[in-house]
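Written below as structure tokens is the structure these notes are about.
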Amino acid sequence: MDEAYSIGLGNNDTITRKRASQDYIKFWEEEASKLHWFEKWDKILDWNPPFAKWFVNGKINASYNALDIVVQKNPQKNALLWEGENGERRTLTYGELLNYVCKAANSLKSIGVKKGDRVTIYLPMIPELVVSLLACARIGAIHTVIFSGFSSQSIRDRIYDSKSKVIITADGGFRHGTVVKLKQAIDEAISDFDFVENVLVYAHAKIPITLGKKDKIWADLINNASEYCEPEKLDSVHPLYILYTSGTTGKPKGVLHGTGGYLVHLYSTFKWVFDIRESDIYFCTADIGWVTGHSYVVYGPLMHGATQVMYEGALVFPTPARIWDLIERYKVTILYTTPTALRMFMKYGDSLPNSKDLSSLRLLGTVGEPINPKVWKWYFQVIGKINCPIVDTWWQTETGGMMISPVPGLETISLKPGSATMSLPGISVDVVDENGNTLPSGTKGYLVVKNPWPGMLLSLWEDDEKYKTVYWSKYKTMYYSGDYAIKDKDGYFWMLGRADDVLKVAGHRLGTAEIESGFVSHKSIAEAAACGIPHDVKGESIIVFLVLKEGVTPSKQLEDELIQHIRKMVSPIATPVQLYIVSKLPKTRSGKIMRRLLKAVANNENIGDVSTLEDESAVDEIQAIFNELRQTIQRNQIK
Ligand code: ATP
Ligand code: MG
């Protein structure tokens with residue numbers, strides 16, 4: 001934990017943090033003044049716990065801030081450098097993007113979409129996805145993006161929940177070399193939904209589709225739409241979007257975000273964390289189907305006039321070097337990705353990244369899960385060549401934007417592999433006990449946010465009660481994140497996993513991340529997932545599922561070695577009663593390990609909502625292991 005790397009970008013802004021700590025409300029007002037408002041707010045914050053209204057009565061438009069402001073300065077600046085999985089390429093300048101967004105906004109208007117209407121967007125990672133979000137934002141329609149990998153049943157539930165009037169989709173998208181039939185999935189999902197009035201179809205994969213009476217061809221509408229669309233002057237708290245969480249811990253929640261506060265949060269955090277400069281080529285690998293894509297592919301970067309690489313398909317297709325090819329080809333300077341993706345890249349070894357020119361990189365980021373220290377070091381050494389700071393950014397769909405992260409755009413601090421460092425200016429995150437008391441450093445507890453922050457969710461879509469119960473019932477005046485964490489003596493936060501997954505072994509509490517990182521630090525292990533099963537004496541005992549690195553074969557000797565390793569690296573208390581070698585772990589479609597499924601299968605319980613599960617065969621494999629075990633136990637009992 002104490003290993004520190006001091007690498008910064010030479011920025012030394014001591015004023016921002018100081019201002020933020022003196023008066024966070026005033027501080028956010030100063031930040032808000034950096035955006036374009038049609039009318040200024042008359043109150044900075046209306047805090048009626050647990051509901052926050054930021055910049056009350058201010059009038060703003062997200063698409064205006066993301067496009068027009070940049071176009072006024074430099075319409076020729078490249079916004080998107082897009083590459084399809086099949087190698088197709090497109091470049092859009094800010095001027096072209098604004099024009100396209102205006103036409104799309106006018107197209108939506110022409111089919112009757114009005115302010116406050118919901119529009120579901122189910123598109124692959126193509127420029128039209130960015131255009132669709134911004135077109136909704138321009139006219140005040142509430143977008144609700146569904147990741148294009150979801151099946152028709154998952155789409156159905158989400159469209160039903162949001163009662164979208166219009167759906168924007170494509171004939172198909174490319175992923176892992178196959179065509180995903182998106183229009184067909186929509187047809188199956190909405191056949192009996194009368195509230196859906198129109199489906200707009202963009203021809204991307206150029207595959208045959210069936211057109212019904214609700215369907216409209218995107219190009220037909222766009223070609224007939226007029227060139228300019230006046231942006232709606234929207235109230236700061238006007239809902240910008242609904243987005244369902246990843247579903248790692250249960251049924252996804254429909255998070256509702258507003259406009260003004262959300263944009264301010266993104267504008268500032270994007271600048272502080274990525275230290276964005278005019279010449280940067282930024283590449284965030286997240287799909288816009290997730291909050292990372294909303295905040296740090298669409299709104300954050302565009303408000304800063306950033307040029308970014310947007311890639312449609314799988315990062316390891318057609319070869320595992322695709323990601324490194326993209327970085328080399330576009331001379332990417334900032335890369336923002338996930339620990340899951342990094343573990344996958346690592347599995348293929350160092351020779352692939354080493355064979356490419358990655359020297360353009362200057363800053364690396366990660367989000368989504370705790371990053372194992374070993375993976376952090378690999379990212380730092382093999383990808384960043386010891387030259388690039390790593391920003392490990394902790395945040396959630398609900399927080400809208402980053403909350404804990406190093407801020408190289410402001411200051412140089414020592415980085416510790418595996419720690420997201422400290423809260424951002426104006427954000428007060430803490431680790432507390434069951435009663436909400438701040439814990440001393442070195443003591444594990446629950447991660448909370450003590451003050452309202454501009455990017456915070458407005459509520460859950462049409463479910464204020466659930467909003468109160470999930471986030472505001474454990475502690476009445478603090479936001480409960482559901483994550484388990486520890487603050488070290490230097491004030492650095494270490495994420496230990498989900499609070500629901502904490503293991504209670506012989507009076508000790510262990511976060512899943514502690515055990516898993518211990519295993520991942522072994523040379524033979526690619527991935528690990530820990531969970532608990534009831535134990536009469538100890539309370540719980542630990543079982544661990546492991547994916548071995550390519551070429552490693554399981555053996556009793558390896559198991560013994562792994563047990564010794566974990567005893568040494570973490571603690572003898574962390575010794576699992578059983579290790580299970582599997583070929584893959586169950587993950588959400590956003591790439592996070594679904595420990596609750598492992599636990600449910602191991603404890604013979606109902607596995608609950610699996611609508612966001614990436615690959616069911618991962619659960620089947622684990623189920624088969626346990627069926628086998630249960631049969632063995634039964635046979636032994638019969639004997
Ligand atoms: P659900 O809420 O439906 O279970 P989810 O929590 O996975 O889904 P997201 O909002 O996409 O949905 O993920 C937020 C969570 O991801 C955080 O609560 C945290 O557990 C994890 N996370 C995100 N970034 C980091 C990080 N840098 N370090 C550790 N954990 C992180
Ligand atoms: Mg969550």
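The values are calculated or read from the model by the stated rules, or taken from the named source; none is laboratory data. All values derive from a computational prediction rather than experimental measurement. Heads up, the Cβs are rebuilt from the backbone with ideal geometry, glycines too, and the neighbour counts pull from every protein chain shown. Note: areas computed on protein heavy atoms with side chains; ligands, DNA, RNA excluded. Shrake-Rupley method; radii C 1.70, N 1.55, O 1.52, S 1.80 Å.
Below are the figures for this structure:
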| read-out | value |
| --- | --- |
| Assigned charges on the beta-carbon of Lys, Arg, Asp, Glu; the chain dipole about Cα centre (debye) | 360 |
| Surface per residue (accessible, 1.4 Å probe) for segment 516-584, Å² | 46 |
| Cα Rg over Rh - segment 9-165, Kirkwood | 1.03 |
| Aspartates and glutamates whose Cα lies under 18 Å from that of residue 523, excluding same-chain neighbours fewer than 8 positions away | 350, 514, 550, 559, 560, 561 |
| Pairs beyond 19 Å (Cα-Cα), from 18/271; 114/213; 114/165; 466/592 | 114/213; 466/592 |
| Burial order of peptide ranges 258-266, 43-51, 403-411, 24-32 (average beta-carbon count within 10 Å, highest first) | 258-266, 403-411, 24-32, 43-51 |
| For the chain, calculated [θ]222 nm from helices alone, where every DSSP H run of n ≥ 4 adds -39500 (n - 2.57) | -8500 deg cm²/dmol |
| Carbon and sulfur %, accessible surface of the chain computed with the full protein complex present, 1.4 Å | 50 |
| Under the span-like rule (Cα at least 20 Å along the axis, Kyte-Doolittle mean at least -0.5), DSSP H helices of the chain | 94-110, 260-274 |
| Largest-first ordering by accessible area, 1.4 Å probe, given options 567, 138 | 567, 138 |
| Nearest-20 debye value, segment 537-617 charge dipole, Cβ charges on Lys, Arg, Asp, Glu | 260 |
| Net charge, residue 593 excluded, C-beta distance under 13 Å - Lys, Arg +1, Asp, Glu -1 | +3 |
| Solvent-accessible heavy-atom area per residue, rounded to whole Å², over segment 82-238 at 1.4 Å | 38 |
| Accessible surface, segment 1-79, averaged per residue in Å² (probe 1.4 Å) | 54 |
| Isolated Cys residues of the chain, judged by Cβ distance under 4.7 Å to other cysteines | 136, 284, 388, 531 |
| Sparse-neighbour loop sites [chymotrypsin sites (Phe, Trp or Tyr not before Pro); segment 189-236; at most 13 other C-beta within 10 Å; DSSP] | 195, 228 |
| Low-density loop cleavage sites - trypsin sites (Lys or Arg not before Pro) in segment 442-493, where at most 15 other Cβ are within 10 Å (DSSP) | 476, 489 |
